[in-house]
Every structure is written in C-alpha cells, then in structure tokens.
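Below you'll find the structure, written out as structure tokens, and then a few comments.
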Amino acid sequence: MSTASTDLRLSRRAVCAGLAALPVLRPALADAPPPLLTAREARVQLAPPGYDTTPVWSYDGSLPGPVIRARQGSRLERRLVNDLPVPTSVHWHGIRIDNAMDGVAGLTQDPVTPGGQFDYAFDLPDAGTYWYHAHTNSMEQVARGLAGALIVDEPTPPDVDADHVLLLDDWLLDPDSGHFVDGFDHPMMLSHAGRMGNLMGVNGRHDFSLQARQNDRLRLRLINGANARIFVLALEGLTGWRVALDGMPLERPEMVDGQLILAPAQRVDLIVDVTAEAGATAGLLSGSEADGWRLLAEVAVTGRAARTPRGAPAPLPPNPRMAVPGAADAPLLEMPLQGGAMRGMNSGHYQGQEMGFRALMQRGQYWALAGQVGLGPEPFARLSRGETTRIAMTNDTIFPHAMHLHGMHFRQIGADGRQGPLRDTVMLMPDDRVEIAFLTDNPGKWLLHCHMLGHAASGMTHWIEVA
Ligand SMILES: [Cu+2]
C-alpha cells in the first residue's frame, strides 16, 4: 500500500515535471504533422506560347515554389518530402538558423534520399526577404527549379498599397524543344561565368506583369534566384528607395538613382511610388547602357489613386542583433579567390592532396578558396562563439563572384573603417579586395561559398566552424 502511494506521488511529480517542460504543447497539435513541402517533377509553361511545357523539378508542382510567409518571431515547420529521383535537401537562405536546419548536404545533414523525408523546424528571428532552395547538387537542382521565396513579416509592416515578391531568374532552354539544355556541369560554364539562361523572367514568367495605379506605393521584394546571372536593373515610371538588403533593414532608405545591381542570391527590398500615368510603360528594366534595356517586370498602370505622392518612406524597424562590435580590432583572415579560365592557379588542395591545375581540371575542379578546392574535412577557420572576426577576400580571378556566408550576416568594412549594411552575400569584381566582419553568435558548421552555383560545385566552397 505504501509502495503504491509512493509510486503514485512519483508518477504525479514526473507528469507535472513533463508538463512544466512542455508548456505550449497541446496533445492535438503535437500529433499533427508539419505542413508538407514536396520536391517533385512537374511541367510548367516557361517558354512563350507555341513551345512545349518544360519538365522541371519543383516544390509543390510550381516554379518557383510557393511563397512561404510567416511572422517575425514565429517558428517555421516544413516536412520536406522527396518525390524526386535524386537526393535533395533545403537551405533557408539568409535565415540566422539553427545549424542542424541549414540544409547543406554533406555538412549539416545527410541528403534526403528519393522517397524519404526530413522535418525542418526553426525560429525566424529576423523580418525580411529570404528564400529557400536546394542545397544538394544545387548547380543542377536550382537550375531545374528548386527555389522559392521565404518572407518574414514585420509585426507592423510599412504603409504601402501592395507588397509584391519578385523572384528573378533565367533559364537555359533548348530553342527547339523549350526543355532545359542538359549538361549542367559543362566545363565551359564551370570554368567561366557560369550557366547563363537564354530566357529571363520573374516568378516563372518571361512576361511577368503586375497592376498598380499612378501614385500607388508598392513594396517590391527582389530576389536573384539565378545560377550565375548578375542582374543589372533600372526603374522605369517608378521612383523608389532601397529599404533592405539581404533581408536586413537599412538604417536610412536610399533613393534609387541609376542602376540596381543584384548578384546571385542577393535580395533588395524597394519601396516605390508609381509615377507613370495610366497606359505609360512602368516597371523594372534589365540590361545595360551598352546592350540596351528590356522590360523584365511590367507594372501595368491602370488608373490613378486618389492620394497624392508621398515623401520618402520611414526606415523599416531594425532586426535584433544587427551590430558588429569591435570590427576594427578583430582578427583578420585572408581568403584569396583563385582559379578559373584564363588566370587559373598553380595548385590547390583537393580531397586530401595538393594537385596542379591541370590535374584539378581533369577532375572538373577549376576554383579554390585560400588554396582549398571544394568542401574538405578541415574548416577555413575555427572561431570562438561571441567574437568578431574579419575575413579579407581578394578576387584573384578574372570573373565576378558572389560570396555567401551561411548562418550569420556580415558587414563590409570600407577602407576608411566604416561599416556597410548587414548582408549575407557580397559581390567581388575581378581584383576586388573586400573585407567583411561578423559576430560569431551562431554555433555550428557554416558554409562560405560562391553563389555562382557552378563555381561552388567546382571548387569555390569552404566552411567555418563556430564553437
Ligand atoms: Cu564564383
């Protein structure tokens, strides 16, 4: 009898302790599976009418994948279901995420085999414009369509008449069939500027158009989802301000005066006022002064809003943890970007051995970061948590590169020591030297790689460890 009552007390205590540890779990919700994100084959009309539909690899059957939207401070859950014939994984680009959820096959998780699934669940500390894409053989998988926007809303969004997500991309299509040109790892593409499409578009459409009225104020969230293309953009019939880069709010909105340059994986949030009159051409132009401009995204002006034009927009509310303290005195690590056609390199460290450039090329490897060719067992640096670190990247190649750090945003440090905006991807033109500084406040194994995805697959991938 006394034994039974002791057991009862113990089990009650255990139950109470269990409840205390799980204050928000309700039994009915605990059993519900997370929403699905299914990677699968599909066919979409990418090429103009008259062409066949294009077989693609998609999330949930669409290209791009569905826009995933959540509130800042909430937790995002998705069960990746892999219905593709190849292994895959999902990277949540720009989210300052729990390392185990970063989606990098071979570094933070095993790839999800065909027929398999993986539960992603993570907090969203920052508002802003992010995206998600495959991070297993991403050179091919992103080019085939495995990408989508991830939007994290501020508790109080800015005062605009409409909020549009524009995922910019290009596709390399066979002009006869309208299908993707095979050979995603063509040596010419890997060793040069990467896989460039022959059709550009927005949100999976070469003829993207949205409607607005004169004097409307729009938030445009631009995401460069292309494998390798650097978009050079200009506004037509719109007056606008940059309010965020790579998800992170700028301290002060900056008026767009001239070109907007968006390297692969970079994002910019614009607030624009429609100045064009009804029927006039407005939108986003892509091109250059030399080659001319074409309309990439049309804003069809259908009338006139009652309100008068407004002044410059207020800044977006800052995200938490945006400061990079002590950058001026932080340890400085050198990371030269090496290799590629024309300049090449003497040798690089690949799969445990030092190899000459010719031997590397025979293995489909053309690039190196600080002498390392591709992901190896040793990180570029082991860093202590909570310290500020600087990395100086020098582009010793004759091609531009878009260097992306996972898990933490960084600030570019100018020659005068001044800090640039907080971002996760920075472009280096040939012979550029770019110094970045970041606070190592997120433990784990984090990739640092070129987001020209063919470059990343043929050598330009390294990693750091924060512990
Ligand atoms: Cu590159």
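Tabulated results
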quantity: Unmet requirement for VAL165, which otherwise passes all of (1) under 19 Å from HIS404 (Cα atoms); (2) open to solvent by 10 Å² or more (accessible area, probe 1.4 Å); (3) assigned to a strand (DSSP E or B); (4) among the aliphatic types (A, V, I, L, M); calculated: (1)
quantity: Conditions (1) more than 16 Å from the ligand (Cβ to nearest atom); (2) farther than 28 Å from PRO421 by Cβ; (3) in contact with a helix residue (DSSP H, G or I) (Cβ under 9 Å, 6 or more places away or on another chain); number of the one not met by THR388; calculated: (2)
quantity: Strands (runs of 3 or more DSSP E) lying entirely in region 58-114 (those with 3 or more residues that are open to solvent by less than 30 Å² (accessible area, probe 1.4 Å)); calculated: 75-82, 90-93
quantity: Region 439-455 residues that are in contact (Cβ under 8 Å) with a residue 60 or more places away in the chain and outside any helix (DSSP H, G or I), paired with ones that are basic (Lys, Arg) and within 16 Å of the ligand (Cβ to nearest atom) (beta carbon under 7 Å, 6 or more apart); calculated: none
quantity: Number of the condition not met by ILE398 [criteria: (1) over 18 Å from the mean Cα position of the chain (by Cα); (2) assigned to a loop (DSSP other than H, G, I, E, B); (3) among the aliphatic types (A, V, I, L, M); (4) more than 12 Å from the ligand (Cβ to nearest atom)]; calculated: (4)
quantity: Close pairs from region 194-208: first more than 21 Å from GLY454 (Cα to Cα) and open to solvent by 40 Å² or more (accessible area, probe 1.4 Å), partner more than 16 Å from the ligand (Cβ to nearest atom) and not small (Gly, Ala, Ser), Cβ under 6 Å, at least 6 apart; calculated: ASN203/LEU167; HIS206/LEU199
quantity: Selection within region 431-453 - of a type in the set (Gly, Ala, Ser) and within 17 Å of ARG390 (Cβ to Cβ); calculated: ALA437
quantity: Test: residue in region 422-433 that is open to solvent by less than 20 Å² (accessible area, probe 1.4 Å), within 16 Å of the ligand (Cβ to nearest atom), outside any strand (DSSP E or B) and out of contact with any Gly (no Cβ under 6 Å at 6 or more places or on another chain); calculated: no
quantity: Meets criteria (within 16 Å of the ligand (Cβ to nearest atom) and acidic (Asp, Glu)) for ASP416; calculated: no
quantity: Residue in region 371-379 that is in contact with a strand residue (DSSP E or B) (Cβ under 7 Å, 6 or more places away or on another chain), open to solvent by less than 40 Å² (accessible area, probe 1.4 Å), in contact (Cβ under 8 Å) with a residue 12 or more places away in the chain and more than 23 Å from ASP102 (Cβ to Cβ) present; calculated: yes
quantity: Qualifying position, being of a type in the set (Lys, Arg), more than 16 Å from the ligand (Cβ to nearest atom), in contact with a strand residue (DSSP E or B) (Cβ under 8 Å, 6 or more places away or on another chain) and without any contact (Cβ under 8 Å) to a residue 60 or more places away in the chain, among ARG304, ARG363, ARG310, ARG358; calculated: ARG363
quantity: Qualifying positions in region 115-141 - of a type in the set (Ser, Thr, Tyr) and open to solvent by less than 10 Å² (accessible area, probe 1.4 Å); calculated: TYR120, THR129, TYR130, TYR132
quantity: Residue match in region 251-268 (condition: open to solvent by 20 Å² or more (accessible area, probe 1.4 Å), among the basic types (Lys, Arg) and within 23 Å of VAL142 (Cβ to Cβ)); calculated: no
quantity: Flag if MET393 is crowded, with 21+ Cβ neighbours inside 10 Å, without any contact (Cβ under 8 Å) to a residue 60 or more places away in the chain and farther than 30 Å from ARG144 by Cα; calculated: yes
quantity: In region 243-272, the residues that are within 11 Å of the chain's Cα centre (by Cα) and part of a strand (DSSP E or B); calculated: ARG267
quantity: Test result for GLU378, more than 29 Å from GLN109 (Cβ to Cβ) and more than 16 Å from the ligand (Cβ to nearest atom); calculated: no
quantity: Hits in region 327-348 (condition: assigned to a loop (DSSP other than H, G, I, E, B), within 16 Å of the ligand (Cβ to nearest atom) and surrounded by 16 or more Cβ atoms within 10 Å (Cβ to Cβ)); calculated: GLY340, ALA341, GLY344, MET345
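The values are calculated or read from the model by the stated rules, or taken from the named source; none is laboratory data. Everything quoted here is computed from the prediction, not taken from an experiment. All Cβ positions, even for glycine, are placed from backbone atoms using ideal geometry, and neighbour counts span all protein chains on display. Surface accessibility is based on the protein's heavy atoms, side chains included, excluding ligands, DNA and RNA. Shrake-Rupley method; radii C 1.70, N 1.55, O 1.52, S 1.80 Å.
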